[in-house]
Amino acid sequence: MKAYIADFWKGRVFVENQPIPEIKENNQVLVKVKTSGINPVDYKLPSIILPSKVVGLDLAGIVTKVGENVTDFKEGDRVFGNALGALAEYVVCDAEKITKVPESMRFEEASALPTTYLTGYQVLVNHGFKKGDKLLIIGGSGGCGTAGIHLAKALGASEIVAVCSGKNIEFVTEQGATGVIDYKTQSALKEYGKDYFDFVYDTVGGINYAETRKLLGSDGMFVTIAPSISIAVRYFTNMQKSKSKMIFTNHSRKDLERILDLKKEAGFEPVLQKILPFSKDSVEEGFKLLKSHRAKGKIVFVHEN
C-alpha cells in the first residue's frame, strides 16, 4: 500500500510497497483510510522514535475488519479519530480512539477534527476554563488556534483575543475572535494591560513567559502545547506549577463525541486550508506548507482507494 513513513536514514519518505497492517489485539479495528490530516508533531517527532513506521495521526475512513472484543463498530462503518500511521491506505486503530462520522459530515471535514480539536478541548475543559472567561490564544490562525477559537466560543468565552500576523486579522475575526493582536506590531500587555485575561492558550511557543504571565490575574491559567525547556522539565519531573501547564493530547473517543456535540450546538466548521491528493508530491507540498507556519487551519489528503 502507499504510505508516508519515517525512515531512520532517509527521514520521511513516501513509499508504495508498505505492507497492509494487521489487527493484533482484540480491541482494534482495521480502517481503509479515505482522508488524513497532518499536524506539526508529524514532522517534529524524530525518525529514530518511529523507525520504518507510518507517520500521521488524524484520519477518517471505513472499517474493513474488527477485533473480537469490538462491539461498537462493524465492517462498513464510517469512522474518524486518531491512530499512529494515518498517512497510509490502511491503518489499525484502537477502538477507543475513534468514533463514527455523522451522516452529514464529509470525510475531509472529519479528518480535520481529531488532534487540533481534542487538544483545544482538553486545554480548556481540563484546566478550569469556564463560561464568561476572557481568553488569549497565541497562534490564533493555525490549526490549533482556529480550533481553540471555535471551542472557546462554543464554551461561552466572553472575549477571545487571537495573536497572529496582521494579514490574518480578518481570518481569525471570521472564526470568532473578538479581538486581535498583530504580534509584529503590537503587544498584548500594552493593548490590554495587566491581569486582563482569565486564560492563555499558547499554541506556538517561543514566547516571553514572564511577560505573558502578567496578562493573567492571580487565578489565571496558562496552558501551552509548545513549552519552553523549563516548563517541559517541570512537566517531566512532575513539578508543574498549578497555574502553568503543558499538555499532551489524550486521544479519547469520549472527548471526540463531546466535540461533535459542541460542533452541532455552535455550528462551527473546521477550516480546510488545502485538500490534496495522497501522493508523493502532494504530501511533500502539504508538509512544506505546514512547516512554513503560514497554514490557516488544516491540510488534508484524499486517498484514492
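Within the stretch 2-42, count every residue that is assigned to a strand (DSSP E or B) and either aliphatic (A, V, I, L, M) or more than 23 Å from Pro114 (Cβ to Cβ) (or both).
Final tally of qualifying residues: 11.
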> What is the residue count in the stretch 43-68 for residues that are touching an Asp or Glu at 6+ places or on another chain (Cβ under 9 Å), outside any loop (DSSP other than H, G, I, E, B) and at pLDDT below 95?
Replying inline: 1
> Within the stretch 122-144, is there a residue that is touching a strand residue (DSSP E or B) at 6+ places or on another chain (Cβ under 7 Å), closer than 20 Å to Val300 by Cα and either of a type in the set (Ser, Thr, Tyr) or not assigned by TED's automatic domain parsing to the domain that holds Ala177 (or both)?
Replying inline: yes
> Restricted to the stretch 168-189, and to residues that are charged (D, E, K, R) and modelled with pLDDT of 95 or more, which residue is nearest to Lys130 (Cα to Cα)?
Replying inline: Glu174
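Taking the stretch 88-98 as the region of interest, how many residues are among the aliphatic types (A, V, I, L, M) and within 18 Å of the chain's Cα centre (by Cα)? Give the steps one after another, and end with the answer.
Of the residues in the stretch 88-98, the ones among the aliphatic types (A, V, I, L, M) are 88, 91-92, 95, 98.
Restricting the remaining residues to those that are within 18 Å of the chain's Cα centre (by Cα) gives 98.
The number of residues fulfilling the criteria is 1.
Taking into account only those residues within the stretch 55-87 that are under 26 Å from Tyr43 (Cβ atoms) and in contact with a Phe, Trp or Tyr (Cβ under 6 Å, 6 or more places away or on another chain), which is surrounded by the most Cβ atoms within 10 Å (Cβ to Cβ)? Full working, then the answer.
Of all residues in the stretch 55-87, those under 26 Å from Tyr43 (Cβ atoms) come to 55-61, 79-87.
Subsequent filtering for residues that are in contact with a Phe, Trp or Tyr (Cβ under 6 Å, 6 or more places away or on another chain) retains 55, 60, 87.
Values: Val55: 26, Ala60: 29, Leu87: 27.
Result: Ala60.
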>> Taking the criterion of being over 15 Å from Gly140 (Cα atoms) and assigned to a loop (DSSP other than H, G, I, E, B), would at least one residue in the stretch 162-184 satisfy it?
In response: no
>> Here are the criteria: (1) over 18 Å from the mean Cα position of the chain (by Cα); (2) on the phi > 0 side of the Ramachandran plot. Tell me which single one Gly85 does not satisfy.
In response: (1)
> Does the stretch 185-210 hold any residues that are free of Cβ contacts under 8 Å to residues at least 40 places away in the same chain, within 28 Å of Leu290 (Cα to Cα) and out of contact with any Ser or Thr (no Cβ under 7 Å at 6 or more places or on another chain), and which are they?
Replying inline: Thr185, Gln186, Ser187, Gly206, Asn208
> If you go through the stretch 263-286 one residue at a time, how many are crowded, with 19+ Cβ neighbours inside 10 Å, assigned to a helix (DSSP H, G or I) and touching a helix residue (DSSP H, G or I) at 6+ places or on another chain (Cβ under 9 Å)?
Replying inline: 1
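From Asn26, Asn82, grab the single residue that is in contact (Cβ under 8 Å) with a residue 12 or more places away in the chain, polar (S, T, N, Q) and out of contact with any strand residue (DSSP E or B) (no Cβ under 9 Å at 6 or more places or on another chain).
Numbers: Asn82 fails: out of contact with any strand residue (DSSP E or B) (no Cβ under 9 Å at 6 or more places or on another chain).
Checking each option against the conditions leaves just Asn26.
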> Do you know which of the residues in the stretch 287-303 that are free of Cβ contacts under 8 Å to residues at least 40 places away in the same chain and in a loop (DSSP other than H, G, I, E, B) is surrounded by the most Cβ atoms within 10 Å (Cβ to Cβ)?
Replying inline: Arg294
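Table: residues versus (1) of a type in the set (D, E, K, R); (2) in contact with a Gly (Cβ under 8 Å, 6 or more places away or on another chain); (3) closer than 30 Å to Glu103 by Cβ.
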site	(1), (2), (3)
Thr237	no, no, no
Ser242	no, no, no
Asn250	no, no, yes
Asp255	yes, no, yes
Ile275	no, no, yes
Phe278	no, no, yes
> Do we have Thr71 as farther than 24 Å from Leu290 by Cα and in a strand (DSSP E or B) here?
Replying inline: no
> Using beta carbons and a limit of 8 Å, which pairs, at least six apart or on different chains, have the first residue in the stretch 141-156 and surrounded by fewer than 24 Cβ atoms within 10 Å (Cβ to Cβ) and the second one small (Gly, Ala, Ser)?
Replying inline: Lys153/Gly176; Lys153/Ala266; Ala154/Ala266; Gly156/Gly132
> If you scan the stretch 88-120, which residues turn out to be in a loop (DSSP other than H, G, I, E, B), buried (at least 23 other Cβ atoms within 10 Å of the Cβ), out of contact with any helix residue (DSSP H, G or I) (no Cβ under 7 Å at 6 or more places or on another chain) and not polar (S, T, N, Q)?
Replying inline: Ala112
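Output the residues belonging to the stretch 207-249 that are in a loop (DSSP other than H, G, I, E, B), surrounded by fewer than 14 Cβ atoms within 10 Å (Cβ to Cβ) and at pLDDT 85 or above. Walk me through it before giving the result.
Going residue by residue through the stretch 207-249, those that are in a loop (DSSP other than H, G, I, E, B) are 207-208, 215, 225-228, 237-240, 242-243, 247-249.
With surrounded by fewer than 14 Cβ atoms within 10 Å (Cβ to Cβ) added as a condition, the list becomes 208, 237-239, 242, 248.
Those that are in a loop (DSSP other than H, G, I, E, B), surrounded by fewer than 14 Cβ atoms within 10 Å (Cβ to Cβ) and at pLDDT 85 or above: Asn208, Thr237, Asn238, Ser242, Phe248.
The values are calculated or read from the model by the stated rules, or taken from the named source; none is laboratory data. Since this is a predicted model, take the numbers as computed values, not measurements. Using ideal geometry, Cβ is built from the backbone for each residue, glycine included, and neighbour counts are taken over all protein chains shown.
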